Amino acid sequence: MSSDLIDLVIDKEWKMFDRVQNEGGRASCQNDPATFRIMRASQFMTWPEDLLRSYLADLEHAERAGRNLLTEKYAFMMEYTSPLEFNRIRHALPVPDSESLAKIREIVEIHMDWERRTDQAYPHIRSTGRPLTREGDRPDVTSFETYLTGELKTWSKATLARYLDFTRQCQRQGRNLAEETADNMARAYGYASMRDAEEKKLRRASSV
């Protein structure tokens, strides 16, 4: 995957993320572009080029239309983290059709299985991450299930279809995109792999 293409996508995402307005004021993560870049690049490095270009087209189309896909993503999450607030803003959000919602459910189900298996493989490193399922949602905590669902609802039908095809292909091939993303993130922080990060954390814990 071209690093230039990934950088272009992340630059466009960051501009949108930087403009997200939260009820409680600007979030601390909005002042940390380096971490944002690592997290997003770690995921995008697992994608094929056609999927990345399709998502880039979504971002460019949103820019031309005056939409902020990152604002919409976090707004969709509020359906489960802050239902009362969500009911006040839902009229301003796009409404995915039934076909798109079916695709989203299938994608989320497969990715949740990958996340669950990665959590089990690296319990010490992953213990501080998001809760996996919607049962863990609170106003200040967003589960992986809710986060991914919210993001997918902002994508075009074309990008959603490509992502479903890619997800199914990875599942058939025995790939785990959650673990691949975690490996990329671990390397960005100076580890050889997620396994290396897990083992070093265990050694540090046992020496205390």
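The values are calculated or read from the model by the stated rules, or taken from the named source; none is laboratory data. This structure is a prediction, so every number in the text was calculated from the model and none was measured. Cβ placement follows ideal geometry from the backbone for every residue including glycine, while neighbour counts extend to all protein chains displayed. All accessible areas refer to the heavy atoms of the entire protein, side chains included, with ligands and DNA or RNA removed. Shrake-Rupley method; radii C 1.70, N 1.55, O 1.52, S 1.80 Å.
Odds and ends about this structure:
Conditions tested, residue by residue: (1) among the hydrophobic types (A, V, I, L, M, F, W, C); (2) surrounded by 18 or more Cβ atoms within 10 Å (Cβ to Cβ); (3) without any contact (Cβ under 8 Å) to a residue 40 or more places away in the chain; (4) assigned to a helix (DSSP H, G or I).
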| position | (1), (2), (3), (4) |
| --- | --- |
| E109 | no, no, yes, yes |
| R117 | no, no, no, yes |
| I125 | yes, yes, no, yes |
| T149 | no, yes, no, yes |
| T159 | no, yes, no, yes |
| T167 | no, yes, no, yes |
| Q171 | no, no, no, yes |
| E180 | no, yes, no, yes |
| R204 | no, no, yes, yes |
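Residue-by-condition table, conditions (1) closer than 19 Å to V9 by Cβ; (2) surrounded by fewer than 16 Cβ atoms within 10 Å (Cβ to Cβ); (3) touching a helix residue (DSSP H, G or I) at 6+ places or on another chain (Cβ under 7 Å):
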| residue | (1), (2), (3) |
| --- | --- |
| E85 | no, yes, yes |
| R90 | no, yes, no |
| W114 | no, no, yes |
| T133 | no, yes, yes |
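- Residues of region 1-32 that turn out to be assigned to a helix (DSSP H, G or I), exposed (fewer than 15 other Cβ atoms within 10 Å of the Cβ) and more than 17 Å from the chain's Cα centre (by Cα), as a count: 4
- Checklist (1) closer than 27 Å to N176 by Cβ; (2) open to solvent by 60 Å² or more (accessible area, probe 1.4 Å); (3) not hydrophobic (A, V, I, L, M, F, W, C) applied to T35, failing item: (2)
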